[in-house]
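Single-structure report; data block below.
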Amino acid sequence: MRFSKPPALATWLLENFRSGSRNDHITGDLMEAYQSGCSRRWYWKQVLAAIIVSFYQEIKGHPVLALRAIAVGMGTWFIYRYGVAPRLLSPLVRRFLQPTGFPFSPWSLTWWTLSLTVNAASGWIIARLHRPHRTGMVLVFATFSFIVHLQTLPYLWFDGANALNNTRFLPYFLNNLAALTLPSVAILFGGLWGALPESEASEYEQHSAP
Amino acid sequence: MSKRDYLGHLELMVMLVLIRLGEKAYGIPIAHEIETKGGREVSLGSIYATLERLETKGLVSSELGESTPERGGRAKKYFSVTAKGVREVSEMQRVLKQLWPRLRQLEGRRV
């Protein structure tokens, strides 16, 4: 029998993104199967299937919570986009930076940072408000955000095709690629942050209290 | 007639495998048994999602077992069918037996 480590990223994804009860036993089963000769491909397939199946079960079992998670996430974004950003942040940033349309200017990077922070905050809030179902609900909003940002796909395609011939388009291509993927990644990151072990401990204490 | 949920396809298969395997049933042997007898691959994620659902319905119970080095120190979770689960499977068998005879489309087919 070989004792080699299974793909660490796959194990991390399984332990952090599969909804439902604690996932130690599933991870253990997969590791046992991997040690007895199953391939890395098989391991990855099982991990992704486990995450997708649990995600589907979570939405099917709690559709109202899923809608609430989307509403909370959208609400957070709208407060930032139409409340905080134009009234507070925009005047502040304009005092120090010159507005420009170029993707990697200080102005653009500042707004990216602020925007991704808000996305992370929405993931954190969703995780905190849906503690028993936090993984599933954070995934719901991250998926929703990804679907919404699919609108950048034509621009991504256009800039990608142009960037092959002219590197001038590369920053715009990268900007659109970031616009498609990074908001969802930030939401997941915020969701993970909202599910730190200390919050698990306090939740366990709440449930086990007489 | 009272309204009740019948077991789904995979749920019934998992219940039958649990009864067949006895006390030492956990994810890998369950998946292996279903693959061997059913002839198709079933992901461990689906098996565990089904087991968690059956446990919520009170048809299956679980307990944590030993952890081994090849499992990265993670404990096994053993599953067994409860008395309610056995009754549910028996009821399912009775219903299926009643529905099975004289199905013209199936007559002459080798199973």
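Every read-out reported here was derived from the displayed coordinates using simple, explicitly stated rules and does not represent laboratory data. Here the structure is a predicted model, which means the values were calculated and not measured. Cβ placement follows ideal geometry from the backbone for every residue including glycine, while neighbour counts extend to all protein chains displayed.
Couple of notes before you dig in:
- Computed [θ] at 222 nm, deg cm²/dmol, the protein assembly as shown (DSSP H ≥ 4; -39,500 (n - 2.57); rounded to nearest 500): -21500 deg cm²/dmol
- All C-alpha to C-alpha distances of the range A:98-138, sorted into 10 Å bins beginning at zero, yield P(r) values of 30, 30, 20, 17, 2 percent in whole numbers.
- Cross-link reach list, lysines versus residue B:77, counting only Cα pairs under 26 Å and skipping chain neighbours closer than eight places: A:5, A:45, A:60, B:24, B:37, B:57
- Shape index of the range A:1-58: Rg/Rh, with Rg the Cα radius of gyration and Rh the Kirkwood radius from the inverse mean 1/r over Cα pairs, equals 0.97.
- Neighbour-limited loop hits for GluC sites (Glu not before Pro), the range B:8-111 (at most 13 other Cβ within 10 Å; DSSP other than H, G, I, E, B): B:41, B:107
- In whole percents, the pair-distance distribution calculated for chain B from its alpha-carbon pairs, binned every 10 Å from zero, is 12, 40, 31, 13, 4, 1.
- Counting only Cα atoms, the range B:55-103 measures 54, 22, 13 Å along its principal axes, largest extent leading.
- Positive-end ranking of A:114, A:97, A:64 along the dipole of the range A:25-140, with charges on Cβ about the Cα centre, is headed by A:97.
- Across the protein assembly as shown, the fraction of Cα-Cα pairs farther apart than 38 Å, rounded to a whole number, is 33%.
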